Amino acid sequence: MCGIVGAVAQRNVVPILLEGLQRLEYRGYDSAGLVVIQDGQLQRERSTGRVADLRLKTTDTHGTLGIAHTRWATHGVPSERNAHPHLSNNLIGVVHNGIIENYESLRNRLSAAGYVFTSDTDTEVIVHLIHSHYKNGTCLLDATRASLTELIGAYALGVIALDNPDQLICARRGSPLLMGVGVGEHFIASDVSALLPVTNRVIYLEEGDVAEINRDSYRIFDVSGTELTRPVQVSKISNESVSLGNYRHYMQKEIHEQPQAIADTLESVCNSTSIIPGVFGAEAAAVFSDINSILILACGTSYHAGLVARYWLEEIAGIPCTVEIASEYRYRTSVPNPKALVVVLSQSGETADTQAALNFAMSMGHIHTLAICNVAESALVRLAKLRFLTRAGPEIGVASTKAFTTQLVALFLLTLVLAKQRGRLTEEKERQHLHDLRHLPAASQKVLDMEPLIAKLAEQFANKQHALFLGRGMHYPIALEGALKLKEISYIHAEAYPAGELKHGPLALVDKDMPVISVAPNDVLLEKLKSNLHEVRARGGELFVFADAGTHICEEDGVHIIQMPEHAGYLSPILHTIPLQLLAYYVALQKGTDVDKPRNLAKSVTVE
Ligand code: AGP
């Protein structure tokens, strides 16, 4: 979602702002803009195209103080007039990520006071509000702080004033923002990847923080105006880990990074023959011994990971588990169980709905909380009592891939810990599960070797309008994930069903134009699945079956078998995910879509 970059330096900051915006492109956006102080005026450029278009417009733009933005439209269509930065009276410039909920009343009040609005955005009220305080002689920091007290909603902000050419003000509440510390220069950004070319020394701002940043110094304050000290951290994210290398797209790179990401996530258990609760945090043993059920909250792909985990947790650990879409849970009147472990799953740790769901659970009396997340400094990680960090590394492609498979690894570890604690894991079984986990990187590499085969297969989907994905048991969520990947990046309408549900409705859709993709592991439900596949074939549906060895499903006219290298038992959902990711990727290539930045989507959904 919206990306912010800002800089105050001795050198021209325009190239820094543009490079930063380019690095935030993955978050999703529909327009971009920047403003700098140049020749005694606020020089603003905006564009509805890509950052590359903005770059073309700014060849003559320069300045030592500036803020820049990629916008993902919420209030007002994607257009140049709605793109940020927004200005007030050619004196104040603001970039904003988040949503101001009381913008209508503020807009009415400011209009009545004579402010002329030139956009349809909620953000424009912020810039005029700051101006209304600033024009009375209040300093920029205090004018911003006074304005913040009037805002209801979420924001990350960058603010500059024409007559204050060495100062940048920033603030955050509900949307991510960090500061970059350089030598004689300072920066702000929505995430660290934007700043890696200039610094890896960062300060993660906390909720409610407001900062006054100059070239050589900065001061951070909390909501009440008390000055704070926040630690400067050296980011472990390397410039290399966010560069594309020889891959054509980040999604392709990230699919291929899965063996390493899984191995890294397993680091805590790589040399052991047993697993301990401590991998989920120092307090985990005490928390786990006090729980009697699991409640998983997540969105999108992370929700699918939760659905797989329910099968593991109930079957292996014998603990009741429910999985809820975070955006629904937060508004549902549910019955809290204080003995439940609330597990929030998120790649980014910034998803607004998942954060709100966790806050809501806590407000209802849930005290046992665990975040499984890929971003150490994220809001969710800070909020939850226990945490497990997946080690997928930065995920840039909007379509989540390695974050999903590493979440599954983390959830399997959780299952083992709880199974052990509940006396349901013999030493021998524990050793076997750990052995299977350690084999996963090699097993997933073998699946990746199927890439040329799947690239060829994808040609058959390029002209399809719809697709149906089938799975059973713990592979049903994998069918859901396969369908989500396909629709996200190829824009083909795809639906997923548990195969046994076909005859209760969706079978009516099946004809020769409806490809049916089935996940066919060699498990206890195989024979049932085969019957469901016959039902499809009998209606003329063309089948594409990702089958484990030993399934004895035969290739015939209208039935394409894609042989999986091996069956991984409980871990099979992880391996079966990979060919579906590749399929979606290659279908998208066939269709020529913008794979890493699919239309209308954002990587971090930081608004509701
Ligand atoms: C996945 O491909 C999606 N882009 C999306 O569903 C994503 O998983 C969802 O927005 C949740 O994000 P999170 O894991 O960062 O919370």
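Every read-out reported here was derived from the displayed coordinates using simple, explicitly stated rules and does not represent laboratory data. Computed from a predicted structure; not experimentally measured. Don't worry about glycine lacking a Cβ; one is built from the backbone with ideal geometry, like all the others, and counts go over all protein chains shown.
Straight-line reach from LYS135: which aspartates and glutamates have a Cα under 14 Å away, not including same-chain ones fewer than 8 places off?
The reachable aspartates and glutamates, counting only those whose Cα sits under 14 Å from LYS135, are ASP163.
Give me the three principal axis extents of the stretch 175-222 from the C-alpha atoms, as integers in angstrom, largest value leading.
Extents along the principal axes, in whole Å: 28, 22, 11.
Over all directions, what mean area does the Cα convex hull of the stretch 201-350 project, stated in square nanometres? Spell out each step's value before the answer.
On the way: hull surface 57.0 nm².
So the Cα hull casts an average projection of 14.2 nm².
Which order do the peptides 7-14, 137-144, 527-534, 504-511 take when ranked by the mean count of other beta-carbon atoms within 10 Å per residue, highest first?
Going from most to least packed, we get 7-14, 137-144, 527-534, 504-511.
So what are the stretch 439-496's ellipsoid semi-axes, whole angstrom, largest first, if each one is the square root of 5 times an eigenvalue of the alpha-carbon gyration tensor?
22, 17, 9
Go through 289-301, 357-369, 123-135 and give me the packing order, highest mean Cβ count within 10 Å leading.
Result, highest mean first: 123-135, 289-301, 357-369.
Give me the aspartates and glutamates in straight-line cross-link reach of LYS591: C-alpha distance below 15 Å, same-chain residues under 8 apart excluded.
Result set, ordered by chain and number: GLU459, GLU488.
Compactness ratio of the chain: Cα Rg over 2.2 N^0.38 Å, N = residue count?
Relative to the 2.2 N^0.38 Å estimate, the chain comes out at 1.01.
Per residue, what volume in Å³ does the Cα convex hull of the stretch 395-544 take up? Numbers along the way, then the final one.
Details: hull volume 20.5 nm³, N = 150.
Looking at the stretch 395-544, the number lands at 137 Å³ per residue.
Under unit Cβ charges (Lys, Arg +1; Asp, Glu -1), what dipole magnitude, rounded to 20 debye, does the chain have relative to its Cα centre?
Result for the chain is approximately 200 debye, rounded to the nearest 20.
Which percent of Cα-Cα pairs in the stretch 367-407 sits in each 10 Å bin, short to long?
Final binned percentages: 31, 50, 18, 1.
At what distance in angstrom do the alpha carbon centres of the stretch 531-580 and the stretch 283-326 lie from each other?
Taking the Cα centre of each part, the stretch 531-580 and the stretch 283-326 sit 28 Å apart.
Plugging the Kirkwood radius over Cα pairs into Stokes-Einstein for the stretch 146-217, at a temperature of 4 °C and a viscosity of 1.567 mPa s, what D comes out in µm²/s?
Numbers: Rh = 12.7 Å.
Calculated translational D: 102 µm²/s.
Per residue, how much space in cubic angstrom lies within the convex hull of the C-alpha atoms of the stretch 286-412?
93
Once you compute Rg and the Kirkwood Rh from C-alpha atoms, what is the Rg to Rh ratio for the stretch 17-92? Present the calculation step by step, with values, prior to reporting the outcome.
Values: Rg = 11.8 Å, Rh = 12.4 Å.
Using Cα coordinates only, the ratio equals 0.95.
Taking the convex hull of the Cα atoms, report for the stretch 85-141 its projected area averaged over all directions, in nm².
Values: hull surface 15.6 nm².
For the stretch 85-141, averaging the hull's shadow over all directions gives 3.9 nm².
How do 408-421, 109-122 rank on mean C-beta neighbours within 10 Å, highest first? Let's see the in-between values first.
Working: 408-421: 23.8, 109-122: 14.7.
The most tightly packed comes first, giving 408-421, 109-122.
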